[in-house]
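The values are calculated or read from the model by the stated rules, or taken from the named source; none is laboratory data. If you're wondering where the values come from, they're calculated on a predicted model, not measured in any experiment. Because the Cβ atoms are built from the backbone with ideal geometry, glycine has one as well, and the counts that use them run over all protein chains shown. For the accessible areas, the whole protein counts, side chains as well, though only heavy atoms, and no ligand, DNA or RNA atoms are used. Shrake-Rupley method; radii C 1.70, N 1.55, O 1.52, S 1.80 Å.
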Amino acid sequence: MRSSVVSRTAGCGKTPPASGTKSVGSRQYILQVPANYDSNREYKLIFGFHPLGGSMNQIHPNYYGIRALANETAIFISPNGIDAGWANTNDRDVDFVDQILTEVLNNLCVDEKQIFSTGFSYGGAISYALACSRASERQNLVCRLPSDLV
């Protein structure tokens with residue numbers, strides 16, 4: 001049985017940022033806030049990573065079909081990879097996700113026990129890298145790896 005204990009973030013109770021393209025340094029991501037967002041309710045957070053050669057626009061607004069299934073119960077993030085990929089050279093992509101997480105957790109009400117990551121091909125590989133590199137902090141990262149990259 002799932003615990004009813006929820007880990008609230010600093011963004012709970014705050015006016016949410018608008019959905020759209022956001023920047024962290026020189027990198028970009030798309031933020032999709034539920035249309036019915038309530039700043040006092042915790043939401044799942046789902047990252048959708050594009051495959052090699054893709055972009056954040058390829059994943060947004062459908063997020064591999066998950067957004068429709070979530071039915072406005074989740075916040076979605078679609079980051080843009082460098083050179084249309086996720087090589088994670090010197091941890092640059094993992095660090096980028098950490099920066100996005102800091103920004104989102106400080107500005108939106110997220111259930112920290114329900115942060116997920118999905119991607120196809122290279123997008124699956126960065127999800128796997130996140131799960132491995134942040135296992136002690138974020139044991140709730142879930143990977144979708146329909147690829148032989150791992």
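Computed extension length for residue 135-residue 10: 42.8 nm, one decimal, from 0.36 nm per residue of separation with the Cα-Cα distance subtracted. Per residue, the solvent-accessible area of the chain (1.4 Å probe, heavy atoms of protein chains only, all protein chains present) comes to 49 Å².
Projecting the Cα atoms of 66, 89, 23 onto the charge dipole of the chain (Cβ charges, centred on the Cα centre) puts 66 farthest toward the positive pole. Calculate how steeply helix 122-133 sits against the longest principal axis of the alpha-carbon atoms of the chain, using the helix alpha-carbon long axis, and give the answer as 0 to 90 degrees to the nearest 10. That helix lies at roughly 70 degrees to the long axis.
Computing FRET efficiency as 1/(1 + (r/R0)^6) for residue 92 and residue 55, where r is the C-beta to C-beta distance and R0 is 22 Å, gives about 0.85. Placing a label point 7 Å from the Cα of residue 35 along the Cα-to-Cβ line, the residues of region 64-83 whose backbone N sits under 19 Å from it are 64-77. If only the Cβ of Lys and Arg carry +1 and only the Cβ of Asp and Glu carry -1, the dipole of the chain around its Cα centre is close to 300 debye. All Cα-Cα separations within region 1-73 were binned at 5 Å from zero, giving a P(r) of 3, 13, 21, 23, 19, 13, 6, 2, 0, each value a whole percent of the pairs. If I compute Kirkwood radius over Cα pairs in Å from the structure I just sent, which labelled value in (i) 15.9; (ii) 15.3; (iii) 18.1 lines up? Of the labelled values, this structure produces (ii). Computed about the Cα centre, the dipole magnitude for region 1-74 is approximately 140 debye when only Lys and Arg (+1) and Asp and Glu (-1) carry charge, each at its Cβ. Rg then Dmax, both in Å and based on the Cα atoms of region 31-79: 11.1, 38.
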